[in-house]
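The values are calculated or read from the model by the stated rules, or taken from the named source; none is laboratory data. Everything numeric here is computed off the predicted structure, so don't read it as measured data. FYI the Cβ positions are ideal-geometry reconstructions off the backbone, even for glycines, and counts take in every protein chain you see.
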Amino acid sequence: MARYAIENRDSFSRRVGQTSVFNPDSLEIRAPLGRLEENLALHLGIWLERGDHIGRHNLPDAPQLDLPTGLLFALGMALALVWWRDRRVRLLFLWLAVALVPGMFAIEAPHAVRTVEVIAPSMLLAGIGGVALLERLRATHFAWALRWAAPALLLGILALNGVRYFLIWPALPSTYEQFYIAETHIGDLAQRLARDPAVQSQATRLYVPTGPSTDEMVQYLTAELPVGGFDGAALTPAPGPSALLIAYGDNPKVPPERAAQALGPGAQQLALGPRSPLTGNPEYVLYGLGDAAAQIARRVIGSP
């Protein structure tokens, strides 16, 4: 990686330039100092108030810590401030501050991925709070409850995060739209169809979406496949008597009917992709031309 960075400096640093608070697009909206001030306020609230909005990184807008862990973190932070003269505490604060730097100097704050290094010092602070709470309880009449209370708390935190991560988060439409779900399904179908000997020999042509309205994910997943392209108007190369075309089913710029027209009057719909939770439309539509194409579709994905 270091060698690539040295030999390809522009390529390696392009994303950093795009996301920096000093990039020209960001400067048109707000001066760097104003952006830094805003980022500081946003990052101070990531633990308990509002976290990353992007559904790929976090349950949108939810605090980065669940409520029990967040409360322990707050207790640990308060104790650390009281103990600030301790060299170990000052080192912990320095660690936390350095870990926040990538997010502070970037747009789209708060950003869970750019501040991922914050996890370790945050857990240490939550641990400090948890240990202090346990020690306090041991000195009270509730010491007898620690044998079951501590394991119950840990299991509760695990269950809470399990529900958030595996049930609530995936079901949100805002999470769906942050991932390349339709493009991934199109690429997966293209890969399965391309394994058929008739497609490999190009006796039956296989086409996938191309052009400005197509995400790079489709291009990546089909880069090594024997496929042609559909740019929303025409097929390249021209189809023969047998062809398969995977078209977006939920792209208002290129309605799927246009794909059928590009194949010709003998085109037939062979399959529909999963329904988008955002619109209810199929993610893709598979069209075929000729009996051989229909047979391939039945072998690969079954009857529509």
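Filter the range 248-264 down to residues that are over 14 Å from L235 (Cβ atoms) and either outside the structural domain of G232 (by TED's automatic domain parsing) or at pLDDT 90 or above (or both), then give me how many there are.
Total satisfying the criteria: 2.
Somewhere in the range 231-247, is a residue in a helix (DSSP H, G or I) and surrounded by fewer than 22 Cβ atoms within 10 Å (Cβ to Cβ)? Spell out how you get there, then give the answer.
Within the range 231-247, the subset in a helix (DSSP H, G or I) is none.
Among the residues of the range 231-247, not one is in a helix (DSSP H, G or I) and surrounded by fewer than 22 Cβ atoms within 10 Å (Cβ to Cβ), which makes the answer no.
To keep it simple, each residue is scored yes or no on (1) part of a loop (DSSP other than H, G, I, E, B); (2) within 30 Å of G34 (Cβ to Cβ); (3) of a type in the set (A, V, I, L, M, F, W, C).
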| site | (1), (2), (3) |
| --- | --- |
| L72 | no, no, yes |
| R90 | no, yes, no |
| G129 | no, no, no |
| G156 | no, no, no |
| R164 | no, no, no |
| P170 | no, no, no |
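Residues in the range 15-55 that are farther than 25 Å from W169 by Cβ, at pLDDT 70 or above and in a helix (DSSP H, G or I): how many?
10
Does at least one position in the range 100-108 carry a residue that is within 29 Å of Y176 (Cα to Cα), within 22 Å of the chain's Cα centre (by Cα), at pLDDT 95 or above and surrounded by 19 or more Cβ atoms within 10 Å (Cβ to Cβ)?
Among the residues of the range 100-108, at least one is within 29 Å of Y176 (Cα to Cα), within 22 Å of the chain's Cα centre (by Cα), at pLDDT 95 or above and surrounded by 19 or more Cβ atoms within 10 Å (Cβ to Cβ), which makes the answer yes.
Out of the residues in the range 249-304 that are in contact (Cβ under 8 Å) with a residue 60 or more places away in the chain and part of a helix (DSSP H, G or I), state the one that is surrounded by the fewest Cβ atoms within 10 Å (Cβ to Cβ).
Here the answer is R299.
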